Structure formats: C-alpha cells, structure tokens
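The block underneath contains the structure these notes are about, expressed in structure tokens.
The values are calculated or read from the model by the stated rules, or taken from the named source; none is laboratory data. Only a predicted model underlies this, so the values are computations on that prediction, with no experimental measurement involved. Here the Cβ positions follow ideal geometry from the backbone for every residue, glycine too, while neighbour counts run over all protein chains shown. Each accessible area value is taken on the protein alone, full model and side chains, heavy atoms only, with ligands, DNA and RNA left out. Shrake-Rupley method; radii C 1.70, N 1.55, O 1.52, S 1.80 Å.
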Amino acid sequence: MLRIFLLTSLILFTGCASAPSWPPKENAIIYGLSHDATMRRVMDYCSEAQPALKNKAWEAKKNWWQRNGLFIEAADYGFSYNLLTLNGDRQETNARYAMALALEVEKTANSRAKIVTTSQGAAACTKIIAEYNEGSRDLDKSSEFHPILTALYQAKKTHGDDLLLKQARVAKVSGKRFSRSSITAERLVKRTVCPRAIVKTLRSNWPTEIFEATCPDKSYSLISCEWGNCKVR
C-alpha cells in the first residue's frame, strides 16, 4: 500500500503544479534534510554578506552539526533506503522519486532561509547564528519527527551495510554507480551536449553529485547536481 501511495503521489506531482502529499516517514526525511539545507544556506549567506560574522557562522554550523549530524545522516539513510526498497533497480522511477523529494526539500529550505537571505542588515544574521549555535533550531524540537529520525538512525546502525550491498547490486545490474541524479543528468546531457553521450558518475555524495559526459567525438563535459538540480559546467 505504501508503494502504491508513493507512486500515486509522484504521478500527481509530475502531472500538476501542486506538491505531493507525503507519508510521515517522508515528512520526517524532508524535515531533517531541509533543516540541514536551510542551515547551510543561511550560514553561507551570512558569511558572505556580513564578513565580521564569518567565524561565528562557522562555529555555529560546526556546533549544530555535532548535535544534529546523526539525524541528518539518518534522514539521508531513509531517503536511500526508500529508493531501493520502493523502486529497486528501476532507474526512471528512482529519478522521479528523488526529484520530487529533493524539490520538496529545496522549496522548504528556500522558504525558511528567505527571511534571512532577503535581509539587508546584520541583525537577522546575528540572531539566527546564535539560535543555531545555542540549540534552539535543533531537530529534537519536533515531537512529531524526532522519534522517526531516531528510529531511522537505529535502522542505519543495524542495516546500513545491507543498504550499501543493495546499492552495489543495483550498480551491477544497471552497469552504473548508484546515484540519485543520474537519469536527470543523462537527460540534460543528451538535450544540451550531445545525444549519444556516455555518462559516468564521478562523485555520488548526495546531495552533491558530479558526472562526466563523453561524446562520440571524444569531447567531454562535467555535470554537477545539487539536490537533483543539474547543470552543465
């Protein structure tokens, strides 16, 4: 039933402008990954816009990750686990699922970061850096999602090696390294670089993935993907 629900959501997502309705586990994954993306976005912005706050932003990012990093890794594990258990080696379905969830993470992170990244003064950066540093924006503040992320963390400890083996099997069957953005990257390359390109994964470290596209004339291009959004370099 869960598989049917998720695939139905993806069809609706790709067929209309409204966002999909996610089950609790996916909402917890989005909660974790979007908070991490928001934190990175805000700290990068504040470091560039307010150079005097650069060291404080770096310290806040480090401290936040020390407290919350395990839960972000748990959310990432849940993302990867769902790709394999729901869709197996069906690369096209994997790509649609990854794109839909990644877009939801991106939209949520953009919305949360907007209040700071559209600010003209240092006050907003000073306030939010302190909040991240002191823990008021930690993931354990959610009574709804924190227990799910804790369960995912326990599952990662128990079954993380199994997931790596499944990813390796998918790579063997498909002839490609496991990467969430591979289909998106291939489509971009064949549309904008050359139609018969061979695309290889150089780096698969979600949310950042890098691919090399080689054309029949031996020319090549690099494609970088962040949260499933790909660009030709």
* Structure fact -> Of the stretch 104-124, those with amide N under 14 Å from the point 7 Å along the Cα→Cβ vector of Ala130 are 122-124
* To do: Using a 1.4 angstrom probe on the protein heavy atoms only, line up Ser21, Ser80 by accessible area, largest first.
  => Ser21, Ser80
* Asked: Roughly how much of Val105 is accessible, in Å² to the nearest 10, using a 1.4 Å probe?
  -> 0 Å²
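Applying a 10 Å radius around every beta-carbon, put 192-205, 26-39 in order of their mean neighbour count, most first. Each step should come with its number before you reach the end.
Numbers: 192-205: 15.0, 26-39: 23.1.
In descending order of packing, they fall as 26-39, 192-205.
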* List Asp76, Asp217, ordered by accessible area with a 1.4 Å probe, largest first -> Asp217, Asp76
* Asked: Given R₀ = 22 Å, FRET efficiency for Asn205-Gln154 by Cβ-Cβ distance, to 0.05?
  -> 0.40
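Relative to the present Cα-Cα distance, how much length would full extension add between Arg67 and Asn110 at 0.36 nm per residue of separation?
Values: separation 43, 0.36 × 43 = 15.48 nm, distance 2.27 nm.
Contour length minus Cα-Cα distance gives 13.2 nm.
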* Sort Trp22, Trp58 from largest to smallest accessible area, using a 1.4 Å probe on the heavy atoms of the protein chains. => Trp58, Trp22
